[in-house]
Each structure stands twice: as C-alpha cells, then as structure tokens.
1. Just the residues that are exposed (fewer than 15 other Cβ atoms within 10 Å of the Cβ), part of a helix (DSSP H, G or I) and of a type in the set (Asp, Glu), please, taken from the stretch 35-52.
2. So which residues in the stretch 136-189 are within 20 Å of Met82 (Cα to Cα) and not in a strand (DSSP E or B), if there are any at all?
3. Counting just the residues of the stretch 100-119 that are touching a Phe, Trp or Tyr at 6+ places or on another chain (Cβ under 8 Å) and not charged (D, E, K, R), which one comes out farthest from Gly129 (Cα to Cα)?
4. Within the stretch 35-51, can you find the residues that are within 13 Å of Val131 (Cα to Cα) and either out of contact with any helix residue (DSSP H, G or I) (no Cβ under 9 Å at 6 or more places or on another chain) or outside the structural domain of Lys94 (by TED's automatic domain parsing) (or both)?
5. Between a residue in the stretch 150-165 that is assigned by TED's automatic domain parsing to the domain that holds Gly97 and any residue that is among the acidic types (Asp, Glu), which pairs come within a Cβ distance under 8 Å, given they are 6 or more apart or on different chains?
6. Before we move on, is Leu57 in a loop (DSSP other than H, G, I, E, B), touching a residue at least 24 places away in the same chain (Cβ under 8 Å) and not polar (S, T, N, Q)?
7. Restricting to the stretch 1-32, what's the tally of residues that are at pLDDT 90 or above and exposed (fewer than 13 other Cβ atoms within 10 Å of the Cβ)?
8. From (1) crowded, with 16+ Cβ neighbours inside 10 Å; (2) touching a Lys or Arg at 6+ places or on another chain (Cβ under 9 Å), pick out the condition that doesn't hold for Ser88.
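The values are calculated or read from the model by the stated rules, or taken from the named source; none is laboratory data. Computed from a predicted model, the values in this text were never measured in an experiment. Cβ placement follows ideal geometry from the backbone for every residue including glycine, while neighbour counts extend to all protein chains displayed.
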Amino acid sequence: MKKLITVLCFALCLLGLSACAPEKPVDESTAEVLQNMTGTIVEGAFVPLDEDQAKQLTDMGAEYLEYVFENAMGMQVNGNGMVSGFNSWTKGIKEIGPFEEITGYVVKYNSKGDGFVVNALIKGEKGTGKVEVTIKDDLNHTVESAALNVDYTFGQKMQKAAMNTLLGMGTVFIVLIIIMLVISSFNYIPKIQAMFKKEGPAPAAVTEAPAAPETEAAPSESDDEELIAVIAAAIAAYEGENGAVADASGYVVRSIRRRY
C-alpha cells in the first residue's frame, strides 16, 4: 500500500512539473512572418473597409473571400473564419473608435502546439483592443480565423455584468407576470362565453291536426235484427191486406243492401 501511494505521489509531481514547463518559443523568423501577415490583414483588409463595404464583401461568401485574399494579398485563408473576422471587426471598432495604430504584437503557439496565435495590439480614439489571428503551422501559414477583442476597463466590465443581470432578471419577471395574467383571465372565460352565446332557434309551433270527419257508424248486429223484424212485419201486413195468410215466421230475410 505504501509503495502504491509513493508511485501516485511521484506521478502527480511529474504532472505538476510538466504543467509548469515554459511555453515553446516561436523562432524570430517565423514570428516576423506571422506579424507581417497579421498586420496585412488588419491594415490591408479590416481598416480600409467601412461597415457597408465589409458587409458587401462578406455577403459574397466564404469562397469569394478566399479568392480575394489569395489573389490580392497572396495568403491562404479559411473563408468562414474571415467572414466572422469582418463581423467581429465592424462591431468592435464602434466601441474603441476609429483605428489609429498597431502598438505591438504577441506571437505564441496554441494550446495543442500545432498552430500559432498572433495578437495585434491596436489603439483607437476611444480605447484599445487586440486582433487575435489563428494561423496553422503549415507550409502556407493558412489563416484560420480572426477576431477583434475589445479591452474593457473594470468599470465597463461591471456595467456590462449589471446590464446582463438586469436583462436576465427582467425577462424572467416579465414572463412570470404574463403567465399570472393568463391564469387570472381563466375566471372571465365562462362570463365571456355566456355573453357571446347565441340563442337557439325558437321551437316550432305545434299545430293541431284537423279532426277526422265523422263517418257513419256501421250498423251493429242488434240493429240488423231489429231491421229484419220490421221488414218481416211489413211484408206480413202487406200480404194480409191482399188476402194472404200473414205469418211473419214464414219469411226469411237473406240479405240487406243499403240503397243510397
């Protein structure tokens, strides 16, 4: 166990020493070439163009920018990286004011050691900043990207932080107020529905069906028997008047047909 702890402590010490090792220096000839390239980008591409001209150039696309830099300045660039570089320059130069001069350069390797980072220190009428250009460590020293970083004072940084805080909190409170108003309006929805509810069509009047005409009641069986008896008596009376024997039982009525 003690041996394992000793090995781990030794490994941690080696890692600490490697982290504290000085950065790999860039040789003077390479640094001079990179400084000239960065100065050409700043003073030859960024400074001469105003905001409208820079927008027209970037609207042409990344491939067009690569063509312009290769033929006009003799350098290989990443078109997309230069589009973002022009946009960054036009935004940053508004804060530091019109460009005056480049006051110095800082050239170093990137964190991976496979490229360079060149910072051109620039001065404007209202402030200072750094144009950071990343360049590949290849034969053509291809420029990958560029950006203008404004040097803010402590007061400006605190002011921006306060503004960001107010904007964030204000947005949250506004959204909460809107949600509260929406929820509270639910109580008025039934009233609004009742107000705009349309009345249904009036019920159709119920008309009484006309009474069916009265029809003559069919003669019942008892009425037929009485009628037969009357007819038989009348025939018997008639026969008696003519000298015949009046016997009503000798007559049989077979059928009765009503004549209209």
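1. Correct list: Glu51, Asp52.
2. Within the stretch 136-189, Asp137, Asp138, Leu139, Asn140, His141, Thr142 meet the criteria.
3. Applying the filter and picking the extreme gives Gly115.
4. Hits for the stretch 35-51 are Gln35, Thr38, Gly39, Glu43.
5. Between residues of the stretch 150-165 that are assigned by TED's automatic domain parsing to the domain that holds Gly97 and residues that are among the acidic types (Asp, Glu), the close pairs are Val150/Glu95.
6. It is false that Leu57 is in a loop (DSSP other than H, G, I, E, B), touching a residue at least 24 places away in the same chain (Cβ under 8 Å) and not polar (S, T, N, Q).
7. Residues in the stretch 1-32 being at pLDDT 90 or above and exposed (fewer than 13 other Cβ atoms within 10 Å of the Cβ): 2 in total.
8. For Ser88, the exception is condition (2).
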